[in-house]
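The values are calculated or read from the model by the stated rules, or taken from the named source; none is laboratory data. Remember, predicted model here, so these are calculated numbers, not experimental data. Quick reminder, even Gly has a Cβ in these numbers, built from the backbone with ideal geometry, and neighbours come from all protein chains shown.
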Amino acid sequence: MKVKILHRDPSEYTITKPGGIQKYQRNADPVLHPFDRATEYTRALNGAKIQKMFAKPFLCALEGHTDAVKCMTRCRTVIAPLFTGSCDGEIRFWNVGQRRCFKAVRAHEGFVRGLCTTSDDSLVVSAGEDKTIKLWKFDPDEAVGEMLDEKFSTVGALQSGSSASLHNDQIAPVHVLNSSSMLSSIDAHWGKISMLATAGETVDIWDYNRTTPLSTYEWGTEATLSVKFNPCEECLLGTTAMDNSIGLFDVRMQSGLRKRANLRLSDFEKYVFEPSMNASLDVLQFLKRSSLQVVLRNRSNAFCWNPRQPLRFSVANEDGNLYTFDMRKLDSAVFIHKGHVRAVLDLDYSPTGEELVSAGYDKTIRIFNYETQRSREVYHTKRMQRVLCCQYSGDGRFVFSGSEDCNIRVWKNEASDKLGVVSKREKKAQAYRKKLVAKYKHMPEIRRIANHKHLPKAIKLRQDKMNVMDEAQKRKEANRVKNSKPGSRPKVGEKQKPVLRQLK
């Protein structure tokens, strides 16, 4: 005879060990949950509040520099190392995981204007105001090791009133290259280990095994401010200059840049494609026979390529905005990122290409989604002065900033992220809350909580003043159109206004 019985395993509903998690049985039948939408909205509201309650973005400050931190860069293959250069000519090598400096070198006379690493991270390259390019040997194993040797114990985070003991005065650069002009930026090729690009009065392409540039590109009469190699299309180079222009050209070209006052769009329209890698190759063929240049209304201080979208780049502008362009159509910006009330001095993309961080003269750091107008996060402290440089970490979880108060600060990319070990159940709960907040972000109450940001009084007052000025300008333009002959004043879109003209 067969007897049916109810049998339950006690381990499925009881705590089997101290500190265990209580297991609950739930019935997902919608009949038993008639108010599921209201419950879901309440959970989304609580999730938005929890994100603000647990928002603690600041992690630590790396102390040791005795002057303003002018530039910084990170390794391309290792996450932990960070390299910073200051206005007194000092370069410091940091292990961010251990929050300590393991090497400090007096590299240049005057400002350190640029830092980068070669594609294999075997050399750190610095450019200074003394018209020299210096290459320093770097061992990644030294940075990510335990570093318990005594000679590194006093170089790093110091107590108040103490100074760093530089144990590396005997270190000499591997190579020294002399430039004919003062340098403002430097970058290394992503494929060729020995190729470098510098920005000064001209754009120079170097091989560090030679003492003279391989090629020199003239930039009119104005000096260049920044230079960046494209990480995907490695032969493509982007620059910004003092004459408010942005230039794109192929380093395989042997001739310099030439300017022409008028660019016929009919010559360029046939090179507009759908986003794809094939399109980028066609554009590079176009660039090989004619370099492109666009002039904005204000100067661009920094240039950065999107690492996941090879055809797009962003610039940090003097008017307080970030402009994202598509190199196939430079007559208008793709996105305009607003929020800063002073000039933007530096920017950097996350490794995923979905977010970018900006450093502002208004003493704040802002994090934007690459396709949104307003910033997702605003970071500031009472002691932090004007932010001169910023950088994403290799894994995209952290942001580094260097400011005039001689400190390098480490921030979370997600302000409410929990560091350390997180259980599987907690990860699911965090992902669930985040998804609910994204689902109900258009609701007024959740939108108000999620978008609210605490700002210093000076920035808030200037934002209000700028909003009044923008509204007045819109009314003035509307009145001009209203009182003018129909068709005499063509409408100019918001994304076309920053572009003054194109050159070729």
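Structure above, values below:
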{"quantity": "Criterion (buried (at least 17 other Cβ atoms within 10 Å of the Cβ), aliphatic (A, V, I, L, M) and modelled with pLDDT of 90 or more) met by exactly one of Leu59, Leu135", "calculated": "Leu135"}
{"quantity": "Whichever residue in region 200-215 is assigned to a loop (DSSP other than H, G, I, E, B), of a type outside the set (S, T, N, Q) and within 28 Å of the chain's Cα centre (by Cα) and, among such residues, is nearest to Trp136 (Cα to Cα)", "calculated": "Tyr208"}
{"quantity": "Some residue of region 256-270 being buried (at least 16 other Cβ atoms within 10 Å of the Cβ), modelled with pLDDT under 90 and within 29 Å of Thr117 (Cα to Cα)", "calculated": "yes"}
{"quantity": "Search result, residues across region 1-24 that are free of Cβ contacts under 8 Å to residues at least 60 places away in the same chain and within 20 Å of Glu426 (Cβ to Cβ)", "calculated": "Ile15, Thr16, Lys17, Pro18, Gly19, Gly20, Gln22, Lys23, Tyr24"}
{"quantity": "Residues of region 321-347 that turn out to be in a loop (DSSP other than H, G, I, E, B), of a type in the set (Lys, Arg) and out of contact with any strand residue (DSSP E or B) (no Cβ under 7 Å at 6 or more places or on another chain), as a count", "calculated": "1"}
{"quantity": "Residue within region 275-296 that is loosely packed, with under 15 Cβ neighbours inside 10 Å, hydroxyl-bearing (Ser, Thr, Tyr) and either outside any strand (DSSP E or B) or modelled with pLDDT under 95 (or both) present", "calculated": "yes"}
{"quantity": "Residues located in region 216-254, provided they are at pLDDT 90 or above and either more than 24 Å from the chain's Cα centre (by Cα) or aromatic (Phe, Trp, Tyr) (or both)", "calculated": "Phe229"}
{"quantity": "Hits in region 464-480 (condition: within 33 Å of the chain's Cα centre (by Cα) and of a type in the set (Gly, Ala, Ser))", "calculated": "Ala472"}
{"quantity": "Any hit, region 372-380, residues being surrounded by fewer than 18 Cβ atoms within 10 Å (Cβ to Cβ), out of contact with any strand residue (DSSP E or B) (no Cβ under 7 Å at 6 or more places or on another chain), over 27 Å from Lys457 (Cα atoms) and not charged (D, E, K, R)", "calculated": "no"}
